[in-house]
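Visitor: Structure in structure tokens, see below.
Every number here is computed from the coordinates shown, using simple stated rules; none is lab data. Quantities reported herein were computed from a predicted structural model and do not represent experimental measurements. Here Cβ is always computed from backbone atoms with ideal geometry, including for glycine, and neighbour counts include all displayed protein chains.
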Amino acid sequence: MQMNHEEAPVLDALAAYHKRDELGFSPPGHKQARGAAPEVRAVLGDAVFLGDVLASGGLDERRMKSRVLQRAEGLMADAVHADHAFFSTCGSSLSVKAAMLSVASHGEKILVGRDAHKSVISGLILSGVEPVWIEPRWDAERHLAHPPAAADFEKAFSEHPDAKGALVTSPTPYGSTADLRAIADVCHARSRPLVVDEAWGAHLPFHPDLPTWAMDAGADVCVTSIHKMGSGLEQGSVFHLQGDLIDHDTLASRADLLGTTSPSVLLYAGIDGWRRQMMLDGHALLSRALDLAGSVRRQIEEIDGMHVNDRADFCGPGAATGFDPLPVVIDIGELGVTGYRAADWLRGQHQVDAHLMDHRRVSAQLTHADDGATTGRLLTALRDFARRAPSLPRGPEVAVPAPSELRMAQVRLPRDAYFAPTEDVPVEEAAGRISAEMVTPYPPGIPAVLPGEQLTEPVLRYLRSGLAAGMNLPDPADPELNTVRVCAE
């Protein structure tokens, strides 16, 4: 059946709700902004509150007979070549957990790329699933990880034939992508499903010059964050399903188990409107964004001390398969200043906020929303930073381990270690102990330490030196890492 992508069922139903002058004696308690504090209304605007209605008994009638959400999800699935789409207002953090719990259960195995986001680790903790870690492809020169290769999954399945499926992250926050078609073939040869955490790739289905979209590559479930590279609001996520290796009703049940019973219609509307925008104008919008990114990359490359990582840096034998040019990743190692200091300086001096930063890079994420005015400000700020960098304090260096030293032994399941009796020990005494917590440099949110891993001195030294240089560690019990939470002996 041909679908009409000029429709936006959630937005249309929201407009009809206001046109009918519905009067709700139900949550939300602000009652269409009337009860909100004037100071709050002045900052947020009434449109936020006017879009904040109940999904059931507000946007739709109490039994959801108009199928507003289902129609919007059907349009999304059609737009991105999936069999089904599920909207989530709890971010891709929920979506990826629901997908994992549909593949494996407590005590069962799943192959997981070790460059996974902390939400994947949270899913392992909640489920009790045993991870079989697949090492990413390490660029030892640039101290950067790219997605694992299909051969790595083939080897892991041979060693763990009882694994129930696989999960890979692609694209990475740095824009490098996996050979998803080859990984899917490895999984499907064993009738095992592939889940792709494609949180950074919601835009990929809408332009042929971008890396291959996971559904087109044969993935069974793909999780996307509409707020990252799309036009949706924060926490807006969609996960997509195709084929019969993962049961639709099981996936829906897992999502219902983890999700909120009070979903935000605002987020639904953002997702719905973005799908329509992409189907009507996405190719043109993304073409302009790609042209703009190319121009910005060339101009940054001309700034002394800055190098923009590109396909030649990231792709090739033993590295990434594909490359998204919209995350503009800038290596500033020649300037002798960390990406942490650069990001702070750009925000403090030019009110320009970076996408991510690490010990030698800072990244500016471009989307279809950018234009000459926004990128002009970015370029002005970067040029000013390059001029001033020689006079900035050097700060401490980050002791980044070699790839062989970065990985620690997983000696207990993440769930078992996380829920075990714990104690906090001085970081100087933590090497050799089993971590009971995640320790995650953020952004990009890929844990350096997982519950159940046996801590080593090189990793602890990396984190401590990173903190001194400006790294952000939001999740350990002691954010300053003077102590580490470990399993009690």
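Visitor: Would you list which aspartates and glutamates come within 16 Å of Lys228, measuring only between C-alpha atoms, while excluding same-chain residues fewer than 8 positions from it?
Guide: Partners found: Asp197, Glu198, Asp272, Asp324, Asp353, Asp370.
Visitor: Within 10 Å of each residue's Cβ, count the other Cβ atoms and sort Phe419, Phe314 from fewest upward.
Guide: The fewest-first ordering by Cβ neighbours comes to Phe419, Phe314.
Visitor: Continuing with the same structure: Got a sec? How would His368, His307, His240 order by Cβ neighbour count within 10 Å, fewest to most?
Guide: Going from sparsest to densest Cβ surroundings: His307, His368, His240.
Visitor: So what's the back-of-envelope 222 nm ellipticity for the chain, counting only DSSP H runs of four-plus at -39500 (n - 2.57) apiece and dividing by all residues, rounded to 500?
Guide: Estimated from H runs of four or more residues: -11500 deg cm²/dmol.
Visitor: Can you give the local net charge around Gly372? Use residues other than it whose beta-carbon is closer than 13 angstrom to its beta-carbon, Lys and Arg +1, Asp and Glu -1.
Guide: Result for the neighbourhood of Gly372: -1.
Visitor: In debye, nearest 20, what is the charge dipole magnitude of the chain about its Cα centre with +1 on Lys and Arg Cβ and -1 on Asp and Glu Cβ, if you could check?
Guide: That gives the chain a dipole magnitude of about 700 debye.
Visitor: Which ordering of Cys187, Cys487, Cys222 is given by a fewest-first count of other beta-carbon atoms within 10 Å?
Guide: Ranked by crowding around the Cβ, least crowded first: Cys487, Cys187, Cys222.
Visitor: A follow-up question, please. Among the GluC sites (Glu not before Pro) in the range 54-132, which ones are in a DSSP loop with at most 11 other Cβ atoms within 10 Å of the Cβ? Mind listing them?
Guide: Here the sparse-neighbourhood loop sites are Glu61.
Visitor: While we're on this one: Pull out the extension gain between Asp247 and Ala420, defined as 0.36 nm times the separation in residues minus the alpha carbon to alpha carbon distance; nm, one decimal.
Guide: Roughly 59.0 nm would be gained on extension.
Visitor: Considering only DSSP beta bridges whose two residues both sit in the range 282-391, what percent are antiparallel, to the nearest 5?
Guide: DSSP beta bridges in the range 282-391 are roughly 90 percent antiparallel.
Visitor: If you take every DSSP beta bridge fully contained in the chain, what fraction is antiparallel? Give it as a percent rounded to 5.
Guide: 65 percent
Visitor: Summing Lys, Arg as +1 and Asp, Glu as -1, what charge do residues with Cβ under 12 Å from the Cβ of Pro396 carry, Pro396 excluded?
Guide: After counting each charged neighbour, the total is +3.
Visitor: What relative contact order, as a whole-number percentage, does the chain give when Cα pairs under 8 Å and 6 or more residues apart are counted?
Guide: Here the relative contact order equals 14 percent.
Visitor: Along the Cα→Cβ direction, 7 angstrom out, place labels at Leu280 and His106. What is the inter-label distance in nm?
Guide: Simple spin-label model gives 4.9 nm for this pair.
Visitor: Turning to a different aspect of this structure: Would you pull out the residues with amide H under 5 Å of Ala448's amide H, same chain only if 5 or more places away, H placed 1.01 Å from N?
Guide: Val439, Thr440
Visitor: Once you have the Cα-Cα distance between Glu22 and Asn472, take 0.36 nm times their residue separation minus that, and quote the gain in nm to one decimal.
Guide: Contour length minus the Cα-Cα distance gives 157.4 nm.
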